[in-house]
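Presented below is the structure to which this report refers.
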Amino acid sequence: MTAGVESFEGDVNETPRRAGWVRRLGPETRRWLEEDERYFLRQALSTPCLNVMARCEGIYVEDLEGRRYMDFHGNSVHQVGFANPVVIEAIKAQLDELAFCTRRYTNRSAIALARKLAEITPGDLGKSLFCPSGAAAVGMALRLARAVTGRHKTVSMWDSFHGASLDASSVGGERMFRRDIGPLLPGTEHVPPPDPYRCLWGCGGRCDLRCARAIEFVLECEGDVAAVVAEPVRSTPSIPHPDYWRAVRAACDRHGALLVFDEIPQCLGRTGRMFVTEHFDVVPDILVLGKGLGGGILPLAAVVTRPELDVMADRALGHYTHEKSPVAAAAALATIGYIEQKGLVERARALGERALARLREIEARHALVGDVRGLGLLLGVELVRDRETRQPAPDEAEAVMYRALEKGLSFKVTAGNVLTLAPPLTITGAELDRALDIVEQCLAEVGAA
Ligand SMILES: Cc1ncc(COP(=O)(O)O)c(C=O)c1O
């Protein structure tokens with residue numbers, strides 16, 4: 001939920017539009033969807049599902065009935081495209097060589113990945129620990145911040161998501177993960193996120209960093225905060241003022257708090273830099289990576305930190321069964337190698353600029369669009385009923401999403417009213433143009449309805 005936007009928590013399941021969409025699918029697909037609901041625990045935004053996937057390749061997912069959709073969501077794992085052959089080849093080769101690594105042993109793939117992360121992450125970040133999920137990696141970052149500072153409190157953002165485990169939900173700020181679930185971790189303070197379009201401080205586009213000063217205010221009042229935990233750029237996307245993180249970094253340093261950046265969905269080139277933090281010229285104390293790190297095939301996440309913070313030799317920091325998975329590490333090395341060799345970071349930057357320019361033209365033509373924004377190939381189109389009041393248009397956003405699905409484009413609506421467009425970084429200019437044509441066509445249809 002973006003500040004000032006009504007919560008909208010049922011966007012893809014159980015709405016009349018989903019029912020209408022599913023009715024038009026074939027009987028075989030509907031039977032599988034029913035089976036899915038029979039055997040899986042239902043949960044918001046997950047089950048019941050929209051469709052049954054049979055194939056994924058490059059920028060496309062394909063359903064059981066052979067329809068193809070450009071996937072601009074892909075759970076943010078698809079920087080190198082789905083089923084990337086280079087990644088698959090690396091996984092197969094590693095499976096033949098060494099399929100698992102027992103605790104207290106190590107392996108060359110895992111070491112090579114940790115070394116590679118030390119090389120490509122900014123500043124003096126140089127020691128890693130791996131685990132199978134982003135939520136677990138956020139949990140490791142929290143444990144490490146406690147051990148390093150001897151404090152337990154955190155400051156994080158309302159409306160953020162850091163994973164579905166109880167510790168990650170405690171620093172997260174989304175109601176859906178926090179409500180009716182009993183006590184969360186103590187000492188998890190929250191502040192409003194920086195949000196240039198809906199600034200709570202009413203900056204109106206002339207940001208004077210009051211949002212950053214609010215963090216310092218909490219750090220000062222509490223006096224014993226272990227860490228500020230945040231996504232440097234939220235997936236909405238919401239992109240803070242260029243000086244925001246430098247101000248927060250300085251505040252953390254003044255108050256003895258660590259800065260933890262959760263780059264799980266946006267790392268590895270999506271924003272036009274290998275790591276989002278590079279846009280802000282700031283080095284966090286702990287960088288959390290995940291999702292696309294496993295090449296869109298295997299689950300893998302990591303914390304990367306400074307060598308001086310390697311302070312838990314006598315305690316457990318993570319201890320995950322697949323901590324040094326040689327196969328996941330091989331996938332990650334192949335993924336990073338592919339991103340580097342194909343110049344996907346520069347590509348994301350160039351295509352992103354072009355897409356944003358096109359979205360600005362679309363904004364000028366469609367009153368439904370209140371704001372467009374983007375960083376690299378993380379793009380957002382915020383729909384409003386009224387440009388003056390900025391009243392969100394969630395119903396219209398859902399309608400655009402379903403119309404786009406019918407035309408072969410899949411994306412996620414975040415915060416209820418933001419069309420969030422995050423294609424694989426391998427997308428061609430022509431494919432991106434086609435996707436934006438679909439977005440514009442759907443906006444025209446919904447605007448006219
Ligand atoms: C910002 C952020 N942090 C953490 C996570 C959790 O990652 P995982 O689903 O691998 O636990 C997500 C997942 O969507 C995320 O977007």
Original post:
Looking at the chain, do any whole DSSP H helices span at least 30 angstrom along their long axis by alpha carbon and average -1.0 or above on Kyte-Doolittle, and which?
Top reply: 344-365
Original post:
So how far, in whole Å, is the C-alpha centre of the stretch 20-88 from the one of the stretch 311-383?
Top reply: 21
Original post:
Packing-wise, with mean Cβ within 10 Å as the measure, how do 314-322, 336-344, 301-309 rank, highest first?
Top reply: 301-309, 336-344, 314-322
Subject >> Proximal aspartates and glutamates relative to Lys116, as straight alpha-carbon distance under 15 Å, when same-chain residues fewer than 8 apart are discounted >> reply: Asp124, Glu340
**OP:** Could I have the simple spin-label model distance between Cys221 and Lys92, label points 7 Å from Cα toward Cβ, reported in nm to one decimal?
**Re:** 5.8
Subject >> Candidates Cys203, Cys252, Cys131: whichever shows maximal mean-square fluctuation once the chain is modelled as a Gaussian network with Cα springs under 10 Å >> reply: Cys203
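Run through the DSSP bridge list for the chain and note the antiparallel percent, rounded to the nearest 5. Walk me through the numbers on the way to the answer.
On the way: 34 of 51 bridges.
Close to 65 percent.
Which of the peptides 370-378, 345-353 is most tightly packed, and how do the rest follow, judged by the mean count of other Cβ atoms within 10 Å per residue?
Numbers: 370-378: 23.4, 345-353: 19.6.
Top of the packing list down: 370-378, 345-353.
All other residues with a Cβ under 11 Å from the Cβ of Gly187 taken together, and with Lys, Arg as +1 and Asp, Glu as -1, what is their net charge?
On the way: positive: Arg146, Arg151, Lys153; negative: Glu189, Glu222, Asp224.
Around Gly187, the surrounding residues sum to 0.
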Original post:
Of all trypsin sites (Lys or Arg not before Pro) in the stretch 128-211, which ones are in loop regions per DSSP and have a Cβ with at most 16 other Cβ atoms within 10 Å?
Top reply: Arg179, Arg206
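Kindly report the accessible area of the chain per residue (heavy atoms of protein chains, probe 1.4 Å, no ligands, DNA or RNA), in Å². It would help to have the intermediate numbers written out before the result.
Working: 19440 Å² over 449 residues.
Per-residue accessible area for the chain comes out at 43 Å².
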Original post:
Remind me, relative contact order of the chain in percent, using alpha carbon pairs under 8 angstrom and six or more residues apart?
Top reply: 21
Original post:
Once you sort the root eigenvalues of the Cα gyration tensor of the stretch 138-210 as a ≥ b ≥ c, which label holds: rounded (a/c under 1.5), prolate (a/b larger than b/c) or oblate (the other case)?
Top reply: oblate
Subject >> Reachable aspartates and glutamates, given that their alpha-carbon falls under 20 Å from the alpha-carbon of Lys92 and they are not under 8 places away in the same chain >> reply: Glu57, Glu323
Subject >> Cβ crowding within 10 Å averaged over residues, with 57-65, 38-46, 403-411 ranked highest first >> reply: 403-411, 57-65, 38-46
Original post:
Among all the lysines, which ones have a C-alpha under 30 Å from Lys412's C-alpha, if same-chain residues fewer than 8 places away are not counted?
Top reply: Lys291, Lys342
Subject >> With every protein chain in place, the stretch 136-291: carbon and sulfur % of accessible area (1.4 Å) >> reply: 53
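With the cut-off at 1.5 for a/c, could you classify the chain from its C-alpha gyration tensor as rounded, prolate or oblate? Write out the running numbers ahead of the final one.
Values: a/c = 1.56, a/b = 1.16, b/c = 1.34.
Because a/c hits 1.5 or more and a/b fails to exceed b/c, the chain counts as oblate.
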**OP:** Report the extension gain between Arg23 and Arg175 in nm, rounded to one decimal, defined as 0.36 nm multiplied by the number of residues separating them, less their alpha carbon distance.
**Re:** 51.7 nm
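The values are calculated or read from the model by the stated rules, or taken from the named source; none is laboratory data. The structure presented is a predicted model; accordingly, all values stated were derived computationally and were not measured. Positions of Cβ are backbone-derived with ideal geometry, glycine not excepted, and every protein chain shown enters the neighbour counts. The protein model used for the area step is the full one, side chains on, heavy atoms only, and it has no ligands, DNA or RNA in it. Shrake-Rupley method; radii C 1.70, N 1.55, O 1.52, S 1.80 Å.
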